[in-house]
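The values are calculated or read from the model by the stated rules, or taken from the named source; none is laboratory data. Treat the numbers as computed from the prediction; the structure is a model and nothing was measured. Counting neighbours? That spans all protein chains shown, and the Cβs are built from the backbone with ideal geometry, glycine included. These area figures cover heavy atoms from the full protein model, side chains too; ligands, DNA and RNA do not enter into them. Shrake-Rupley method; radii C 1.70, N 1.55, O 1.52, S 1.80 Å.
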Amino acid sequence: MAGSGAAAGAAAAAAAGSDCFKFNFALVSRIASSFASSSSFDLRPGHVVNVEKARKEHEDLVEALRRIGLDVIELPSDEKHPDGLFVGDIAIVIHGTALICNPPTLKDRPSRQGELAVVRQVLRKELGLKIVEVDTEKAIIEGGDVLWTGREIFVGLSSRSNMLGAQAVAKAFPEYPTTIVKVYPPAIHLKDYITMAGQEVMAIGKSDGAQKTFREIKNSGAVGYKYISVDEDEAANVVYANYTLLHLGHEQIPKGSAVYLNKIEYARVAITMEEPLKRGGRLGNCILLVNRVRHPKKIPTTIQ
């Protein structure tokens, strides 16, 4: 279930240089009161969301983003769309192009389609990005299933993204090779298991599902990366931006936090996000990073 050449990926990486994880802006969304009682994501068994505490944790995240040099755009909460918090699922931004995603509508769950318009407007009108839309309603895709490594793209096939959705990603970003992989349960998204923890550095969970998914990536021919393995899958979802690694704090990922302390030599910021993540989302889902500089070089993409 893989595609595309390592040589093309290497060329893209060389052209992109060291600034592919240098960002200007971060979009976040304030938390609706309805998030406590309604979502397209399952509430973790035995948990209750404390919305006021969730909002305080989210405010701390916003401050951390500002401290690493990002202009933060805070979208208003919308009680009709409790999942708006997970703004990273709504668009995929690589340099100056934004693909507006198409989240699935699940039976007896609030639709996420209403989240698209406000994100599209901000990206187009306020940030001046080129907007690309999926070309068929049958193409299902969420940003949590799209891993941009700085030189190539991996798209996960999951309960939230399908083959047509993965193909839409490849069409939107033809300058980068795209590889399609299967996401093994119980993860919702590919980036629940695997994210970029630095330039050419992947963070990977140690669970059975994470390791099976990671083998799909390795077997696709991905080369040149370093890997950091962490015991908790939640620890594998990190955000690397502006030469800084953002990860969950010691109370949420005690083992993973120790690994990052020992192995990461660049700046780190530990973030507490207990309440917002009780719905099964991840730290990265709560942030949409934007770099308005577009990479001009075109490299044909092939997917199989």
### Message
For region 152-183, give me the residue count where each residue is of a type outside the set (S, T, N, Q) and either modelled with pLDDT under 95 or part of a strand (DSSP E or B) (or both).
### Response
8
### Task
State whether one or more residues within region 243-255 are open to solvent by less than 30 Å² (accessible area, probe 1.4 Å) and in a helix (DSSP H, G or I).
no
#### Entry: Checking Ala139 against (1) open to solvent by 10 Å² or more (accessible area, probe 1.4 Å); (2) more than 30 Å from Gln199 (Cβ to Cβ); (3) at pLDDT 95 or above; (4) not aromatic (Phe, Trp, Tyr), the condition it does not meet
(1)
### Query
Within region 122-131, is even one residue of a type outside the set (Asp, Glu), modelled with pLDDT under 95, farther than 24 Å from Phe154 by Cβ and in a helix (DSSP H, G or I)?
no
### Message
Can you pull out every residue in region 279-293 that is in a loop (DSSP other than H, G, I, E, B) and in contact with a Phe, Trp or Tyr (Cβ under 7 Å, 6 or more places away or on another chain)?
### Response
Gly280, Gly281, Asn291
### Task
Output the residues belonging to region 86-117 that are open to solvent by 10 Å² or more (accessible area, probe 1.4 Å) and hydroxyl-bearing (Ser, Thr, Tyr).
Thr105, Ser111
## Note on the structure
Exactly one of Ile153, Ile217, Ile264, Ile180 is touching a helix residue (DSSP H, G or I) at 6+ places or on another chain (Cβ under 6 Å) and of a type in the set (A, V, I, L, M), and that one is Ile180
### Query
What is the residue count in region 184-204 for residues that are more than 15 Å from the chain's Cα centre (by Cα) and either buried (at least 24 other Cβ atoms within 10 Å of the Cβ) or outside any loop (DSSP other than H, G, I, E, B) (or both)?
1
### Message
Show the residue pairs meeting these rules: Cβ distance below 8 Å; 6+ apart or different chains; first residue within region 51-64 and under 20 Å from Ser39 (Cα atoms); second residue of a type in the set (Ser, Thr, Tyr) and not in a helix (DSSP H, G or I).
### Response
Glu57/Thr272
### Message
Which numbered condition in (1) open to solvent by 40 Å² or more (accessible area, probe 1.4 Å); (2) in contact (Cβ under 8 Å) with a residue 40 or more places away in the chain; (3) among the acidic types (Asp, Glu) is the only one that Asp231 fails?
### Response
(2)
